[in-house]
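First comes the structure, then the notes that go with it.
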2 protein chains.
Amino acid sequence: MESEIKKRFDNYIREKGLRKTAQRDVILEAAFSSDDHFTAEELWMKARKIDPKTSRATVYRTITLLLECGMLREIDLGRDERVYDPNFIESPDHNHLICIDCGKVVEFEDENAAVLIDCITRRLGFRPTSKSMRIEACCDKLRSSGMCENLIELRLGKK
Amino acid sequence: MESEIKKRFDNYIREKGLRKTAQRDVILEAAFSSDDHFTAEELWMKARKIDPKTSRATVYRTITLLLECGMLREIDLGRDERVYDPNFIESPDHNHLICIDCGKVVEFEDENAAVLIDCITRRLGFRPTSKSMRIEACCDKLRSSGMCENLIELRLGKK
DNA sequence: GTTCGTGCAAACCGTTTGCACCGAC
DNA sequence: GTCGGTGCAAACGGTTTGCACGAAC
């Protein structure tokens with residue numbers, strides 16, 4: 001994890017008059033050590049690999065903090081539980097394509113999409129600040145062959 | 001509610017070998033009597049206005065049925081509870097803009113968006129069948145004047 | 001008469017919270 | 001020493017489910 005992320009978090013902590021704690025550092029490390037999306041439960045597991053005593057409640061409270069300071073964003077996928085995306089620091093304008101068949105999520109950036117979102121948003125009378133687009137699609141391989149590598153991953157219990 | 005909707009549901013019921021019941025008719029009526037989005041709880045309230053004995057469990061089970069046959073679609077808004085959109089029968093290709101400030105949801109269709117979604121989806125290796133786009137934006141009025149009519153509605157307890 | 005649907009209440013599960021203890025400052 | 005943070009377990013709220021009764025066929 002880049003130290004710039006730690007600095008940004010420390011700055012936020014300081015600005016808000018909060019306290020720097022070992023637990024928050026552990027959860028920050030767990031959240032940004034890879035670019036994978038994660039749920040609260042998954043973040044808890046990652047954090048406990050670093051410090052087994054990390055509590056679930058502190059994970060939830062730290063997620064709230066990270067959302068507030070804009071370092072983490074919630075994204076809407078299948079939605080039985082909330083999913084968080086740690087990649088908005090590196091790619092502030094990225095979008096998501098979600099396969100409604102196999103659940104695969106692909107991140108992408110697209111200049112045309114950015115322009116179009118801007119136009120549509122203005123036309124409807126809104127301000128296009130936090131532009132973010134989500135496309136639902138169908139998995140080609142799954143439809144044609146009845147299986148795709150991602151579904152295989154899910155079946156094998158990647159998690 | 002158009003009788004075409006009732007026919008479509010009856011057909012589905014018959015095809016699957018299910019039974020036509022008074023409760024299912026009531027919930028269908030409640031769901032499609034207006035074009036408003038609704039939660040399960042809200043649909044339950046609407047249904048009880050028609051038949052006060054309607055049970056919550058039957059509402060949930062009928063929503064599942066309506067999702068299966070494609071008459072209802074789940075849409076992702078703020079997401080503390082699931083929201084359903086009854087308008088995909090009339091406008092199969094519509095998209096949603098959600099204001100992250102005031103929560104307002106605007107439905108729109110856009111030919112350019114349809115083409116772009118198609119291109120992006122193909123480029124990423126997916127099949128663009130059930131195309132659907134969601135844009136998050138910021139409310140212009142709320143940002144500039146500190147208030148917007150939709151926030152006023154929410155405060156006054158539209159619900 | 002058989003089988004599926006309904007209604008109730010309990011179970012579920014992700015998330016939030018009250019409270020006593022602990023640690024940053 | 002003070003005040004905010006942590007950890008536990010209980011509470012919460014939307015959704016699902018087990019089971020006995022009732023209705024569709």
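Data table
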quantity: Interchain or long-range residues, amide H under 5 Å from residue A:83's placed H; calculated: A:75, A:77
quantity: Other-chain or far-sequence residues with amide H under 5 Å of residue B:133's (modelled H); calculated: B:96
quantity: DSSP-defined beta bridges in the protein assembly as shown - what % are antiparallel, rounded to 5; calculated: 75 percent
quantity: Whole-number percent relative contact order across chain A, with pairs defined as alpha carbons under 8 Å at least 6 apart; calculated: 16 percent
quantity: Karplus 3J(HN,Hα) series, Hz, for the range A:16-21 with 6.51 cos²θ - 1.76 cosθ + 1.60 (x for Gly, Pro); calculated: 7, x, 8, 10, 7, 10
quantity: Average beta-carbon neighbours from other chains, 10 Å sphere, peptide A:56-67; calculated: 0
quantity: ³J(HN,Hα), Karplus 6.51/-1.76/1.60, whole Hz, each residue of the range B:25-38, x for Gly, Pro; calculated: 5, 4, 5, 4, 4, 4, 6, 10, 7, 9, 9, 6, 5, 8
quantity: Linear extension gain, residue B:94 paired with residue B:10, 0.36 nm per residue minus alpha-carbon span; calculated: 27.7 nm
quantity: Bridge type composition, chain B - antiparallel percent by DSSP, nearest 5; calculated: 70 percent
quantity: Calculated label separations, residue B:74, copies of the chain, 7 Å along the beta-carbon direction, nm; calculated: 1.5
quantity: Phi-based couplings in Hz for the range B:48-64 (Karplus 6.51, -1.76, 1.60; Gly and Pro marked x); calculated: 6, 5, 7, 9, x, 8, 3, 9, 4, 4, 5, 4, 4, 5, 6, 4, 4
quantity: Which listed pairs, of A:6/A:46; B:20/B:53; B:16/B:131, have C-alpha distances above 20 Å, in listed order; calculated: B:16/B:131
quantity: Relative compactness, chain B, computed as alpha-carbon Rg over 2.2 N^0.38 Å; calculated: 1.19
quantity: Cα gyration tensor shape for the range A:3-75, rounded if a/c is under 1.5, else prolate or oblate; calculated: prolate
quantity: FRET efficiency estimate (nearest 0.05) - Cβ-Cβ, residue B:56 to residue B:123, R0 30 angstrom; calculated: 0.10
quantity: Inter-copy label distances at residue A:17 (7 Å, Cα→Cβ; nm, one decimal); calculated: 6.8
quantity: Amide proton proximity set for residue B:102, modelled H, under 5 Å, gap of 5+; calculated: B:139
quantity: Ascending list, in nanometres, of distances separating the residue A:2 label from those of the other copies (7 Å, Cα toward Cβ); calculated: 5.2
quantity: All-pairs alpha carbon distance profile, the protein assembly as shown, 10 Å steps from 0, percent; calculated: 5, 21, 28, 28, 14, 3, 0
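Since every read-out is calculated from the coordinates, none of them should be taken as a lab result. These figures come from a predicted structure and were not determined experimentally. In this analysis, Cβ positions are derived from the backbone assuming ideal geometry, glycine residues included, and neighbour counts consider all displayed protein chains.
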